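A.B. asks: Have a look at this one.
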Amino acid sequence: MHVPSYPIFLSLEEQNILIAGFGRVGMRKLAMLLPCRPGHVHIVDPFPPSAEGKRLLERARQEHVSCSFSQRNPHDADLDGMNLVFLAGSDHELNAHLASLCRERHILCNCADNPSLGSFHVPAVARTPSLAAALSTERASPALARRWKEELCAFLEPKEAMAQLMGGLRPLILAQNLPSDQNAKLFRALAASGLEQALASNDTGKAGHILVSLLPPSLHERALALVDSTGPGQPKSHNQDA
């Protein structure tokens, strides 16, 4: 019987991460990690980084992500202090051994060459600055997940402005110290209004009218300022391979 995996979004700040193997798969793992600003990433591989790998390491430096590289085979001690492990090397026996140690130590582990040995798999991810959508075929076909995530990108792009606006509005609304049921009612009303469509079409006048009709008068001025700052030219969504 198939047991579905549990979807979760992890905060990687202050988390220590090991990437064992820095070939094509390992580089892809690092590229996905960089936007999440992990505490430290340690990479181990018996070969020096390729040109693409060097570019990724330089990107990590430029983005102020702590990252180190050890040119050698990974060993058991590399797991010490790690919160998350990606096994992306070509030595299947070594990967299985390290995955077994991760299970014993209760370390989250992704094993690229044998996913069943790990505790999680990585979905295909589409992102905008304020949104993330993940897609998994439950290991049935990562290729299909990577193909379908393009549709997620198209889905997210027109919703980015709404997500940005709500990111600014939510703390303002909560600061009003209204009863929780009133907050819930207001958030539901905003979500069900035509605000998303107005922002997606850059109709700031209509968006402002909706906000004024729904929000307490004390928030009108600041809400309208948020609308003015949420305009066209938002960054496009980008996708990340599993």
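The values are calculated or read from the model by the stated rules, or taken from the named source; none is laboratory data. Predicted model, so just to flag it, every value in this text is computed and none were measured. Every residue, glycine among them, receives a Cβ derived from its backbone with ideal geometry; neighbour counts consider all protein chains shown. Calculation scope for accessible area: heavy atoms of the full protein, side chains included, ligands and nucleic acids excluded. Shrake-Rupley method; radii C 1.70, N 1.55, O 1.52, S 1.80 Å.
For every residue, the table says whether it meets (1) under 23 Å from Asp113 (Cβ atoms); (2) open to solvent by less than 60 Å² (accessible area, probe 1.4 Å); (3) at pLDDT below 95; (4) out of contact with any Phe, Trp or Tyr (no Cβ under 6 Å at 6 or more places or on another chain).
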site	(1), (2), (3), (4)
Ala20	yes, yes, no, yes
Gly23	yes, yes, no, yes
Leu33	yes, yes, no, yes
Gly39	no, yes, no, yes
His42	yes, yes, no, yes
Asp45	yes, yes, no, no
Ala51	no, no, no, yes
Arg59	no, no, no, yes
Ser70	yes, yes, no, yes
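A.B. asks: Under 7 Å between Cβ atoms, which residue pairs at least 6 apart in sequence (or on different chains) link something in the stretch 112-125 that is of a type in the set (A, V, I, L, M, F, W, C) with a partner that is in a loop (DSSP other than H, G, I, E, B) and open to solvent by less than 50 Å² (accessible area, probe 1.4 Å)?
C.D. replies: Pairs that qualify, where the first residue is of a type in the set (A, V, I, L, M, F, W, C) and the partner is in a loop (DSSP other than H, G, I, E, B) and open to solvent by less than 50 Å² (accessible area, probe 1.4 Å), are Ala112/Ala88; Val122/Ala242; Ala124/Ala242.
A.B. asks: In addition: For the stretch 139-163, enumerate the residues that are within 23 Å of Leu10 (Cβ to Cβ), open to solvent by 60 Å² or more (accessible area, probe 1.4 Å) and in contact with a Ser or Thr (Cβ under 9 Å, 6 or more places away or on another chain).
C.D. replies: Those that are within 23 Å of Leu10 (Cβ to Cβ), open to solvent by 60 Å² or more (accessible area, probe 1.4 Å) and in contact with a Ser or Thr (Cβ under 9 Å, 6 or more places away or on another chain): Arg139, Pro142, Trp148, Phe155.
A.B. asks: Another question, then. Checking the conditions here, which among Leu186, Leu178, Leu135, Leu156 is closer than 30 Å to Glu221 by Cβ, under 16 Å from the mean Cα position of the chain (by Cα) and not acidic (Asp, Glu)?
C.D. replies: Leu156
A.B. asks: Given the criterion under 30 Å from Leu152 (Cα atoms) and not basic (Lys, Arg), identify the matching residue among Ala77, Ala99, Ala88.
C.D. replies: After ruling out the rest, the residue left standing is Ala88.
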